[in-house]
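Nothing in this text is a laboratory measurement; each read-out follows from the coordinates by a stated rule. These numbers were taken from a predicted model, which means no experiment stands behind them. Neighbour counts are summed over all protein chains in view; Cβ atoms, including those assigned to glycine, are modelled from backbone coordinates with ideal geometry.
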Amino acid sequence: MRIPLYTAQSRATSEAPGRSITARKNVQLAAQTELAKASPFSAFADEVGEYAKERYKTVRNNLLAEADIAAEEALFKLRNDLEKTRDYNNILDGDNPRWMSGSNAVKEEIRKKVGKDNYSQNYFNTRFSQLELKHRFQLRNQVDRQIQIASGNNFSTKLVQGERQLSDYTLDAYDRARITSDIKIFTNGYVSQTGASTTKVNETIKAMELGATRNALTKFIADQRGSEITTLTAIRNAIRDGRKGELLDTNPMTGEGDSLAARGLEGGEELYKRLTQLDDDDLASVIKTSATDIAAIYGPGFEEKAKKSQQTSLKTLLTSQTDDLLSQMEMQGQVDSQAVSNLLRSMDDVIAKDPSVSESFKNKRNELQLVSTVAATVRTADIDDLNRVIQDMEEGTPTFGGAGLDTEAEQAANKFLKSRRNKMITALKNDALQWGRENGVIEEPVENLFDEEGNFDPNLVALRNVNAVTVEEHYNLSEPQYLTKNEVDSFKRIIKKKDLNPNTKLAFVANFQKAWGGAAAAVFTQMGEKDGHDMAALGSLVNAGKNDAALAIMKGMEEFDAGLKLPSTDGMTSPEEVFTAFITDDDGQNIFGRMDPNDLAAMFTLAKAHYKGRGIMEYDEDLFLESLNTVVGAEGDRGGIREVRGQKTLLPPEMTPDEVENFLDNLSTDIVNAMNMIAGENPDNPDFKLSEELIFDIRNRNDDYVLKYFNADEYYIMDESRNGIVRYPSGDPFIINLYKMQLEFPNAFTEEVKRGFFTGRIKE
């Protein structure tokens, strides 16, 4: 809730990431449209009357609205056209990015059609910048995605080429090092370009090298026609003896040693060296998955019998492993690429050695290839992407049969895609964060948001905010989901616990509000609260030190939930009418004009709950007004809505009207410069200076310059005599953060009015 009360003691966490309010960067955009209503058009009124003024404003606004629509359509078309190009390198990057030149051309063309006055030009420039930034970010996502896909394909192709080269069992150490060095140089560029995990990339390269070693072993054994099993046995024995320290190469000087040729391994010397360099686990894996491994149990002299038995056993084993992998993909949507590659290679070897192998085995092989390819492709896909893949699949895959789903592999892949779509729809509704984590959209370990002391970790909460928005945008959700389903269930058990101590519950709610800031209302809503804005506002009260008021509000909420109502008004001014008068200034304007309507409604709800929670048995409009002031921070003569320079004004908590008036009466160049420095502006920048004459007028013409609420602890000054807003030469509204100024210039709030004489900085 953005009632300004709630910033006093929780300012460090009162805003969600991406929603910080400053006195400079966000003010112009946020305030320009709202506050420009006060800009004078007195010249028109004097000359042609009120009708002419309104007609001019209508024509101007119509032109701006037409320009807004035209810009949206033109930028959408430009983005759509650029998304279809395959030349991604010069869309957003390079010396002359196509997006920037195109959008600038659109801007210049449309700007000719709006008014030439400063307001129209400034409004159009601001609005066009918003639209351009929105479409550029959307285009950036598509470009990055295509680059990632292209880079991944290139990386995969490079590894396939490397595996094919390294599968030559005659390669010596020098040649292998040359090939792997080339792969690693290419990989470094891939990691730099895509941000891929170096650890995972290195694991993939290692798996490729092991696969190549296995291929080399299989080829060497296959080349030993008629003695495949004895060759495999000889390799095993040679490695065993070598690891015992026995010499396997005859020393020409001493004649010591046992040559590999004598063991039937002539031509396999380099392969032997490669195998001996593997650790025990990798060596066992390579030998075990060799196409002739099972035949080793039969020993020398039983080659033919072993071959037949081997093929039967191997086909059964491979079919079983394939079914396991397919089930894993179905349940998790993830693909173990190395396991798939190993299986496909082994199945291809079986088919190559026995072309008459059953059609069911071939179909199972094709199913594994197609489903794994599809699963890897759609892992991060959204619903629209998935629907397009399903449509393409139903039209037929060129590699497998003809048109339509005419093969078992295509039918299996289509079934997989539809099953995944159903799972995605359910998951995005109930647990979008977890789905995004499991499918590579975000990498956050979603299991924990707390530090070692059990409090919300602000860094983890900030990351969660970012990831929630990332998942929302990636899957085009209606709103972010900030919590996982498990978290929602856990937190609901706490907040809904009937016997929970009220102070404990309030502390829980306050911690949530403090941690999540501007996103707190959405978090509470996701937890099942009827109106998350009410709970966020309640937490803000606790964080502002208003625990007694919060306890009364919570008691009132519980009584409302039980069906109780406020006492009858009996013809007196209703709570709604009291509230309307409370938030309306002397000019009939809403004091909280910029406040989110949901937060304004929460203010009214909390006031009613506070009144009910006080245990007052009869309705009294003055007492209800007290509840309203309590909700907005009034305590004694401080905070709440008070008169400042004759105007109803919402004060920050713990400030009196006299203190605020003293500050305005003591305004100085030093104070203005300090405000600019806090806002990140150079105090010497002439665009953000106020003239001495204007500062003098603000100090001394009390009836003309009044304070208006803007947001949180921030205010602007209205020149009542000119019906205009005090602005910098830049056009930005002159925004004052009273809380920060009180910390920086405490004496300016307590010193008696010095009229035109206060000029120096009086910091204690």
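Odds and ends about this structure:
- Three-way shape call for the range 521-594 based on the alpha-carbon gyration tensor, with the a/c threshold at 1.5: oblate
- In the range 580-649, GluC sites (Glu not before Pro) in a DSSP loop with at most 14 other beta-carbon atoms within 10 Å: 618
- Extension gain for residue 406-residue 721 works out to 105.3 nm (0.36 nm per residue, less the C-alpha to C-alpha distance).
- Residue 470-residue 696 pseudo-label distance in nm [points 7 Å out on the Cα-to-Cβ vector]: 5.7
- Spin-label pair residue 113/residue 457, simplified geometry with 7 Å Cα→Cβ offset, distance in nm: 5.2
- The gain in end-to-end length when the residue 90 to residue 63 segment is fully stretched comes to 6.3 nm, 0.36 nm per residue minus the alpha carbon separation.
- For the range 643-764: rounded, prolate or oblate by the Cα gyration tensor [a/c cutoff 1.5]: rounded
- Spin-label model distance (nm) - residue 486 vs residue 422, 7 Å beyond Cα toward Cβ: 2.6
- With neighbour counts taken as other beta-carbon atoms within 10 Å, the residues 533, 474 rank, fewest first, as 474, 533.
- Within straight-line reach of residue 423, meaning a Cα separation under 18 Å, sit the following aspartates and glutamates at least 8 residues removed in sequence or on another chain: 330, 382, 384, 385, 431, 438, 472.
- Where Cα atoms sit under 12 Å apart: lysine pairs in the range 490-590 separated by 8 or more or lying on different chains: 4
- Highest mean packing first, where packing is the average number of other Cβ atoms within 10 Å per residue, the peptides 663-671, 69-77, 729-737, 496-504 line up as 663-671, 729-737, 69-77, 496-504.
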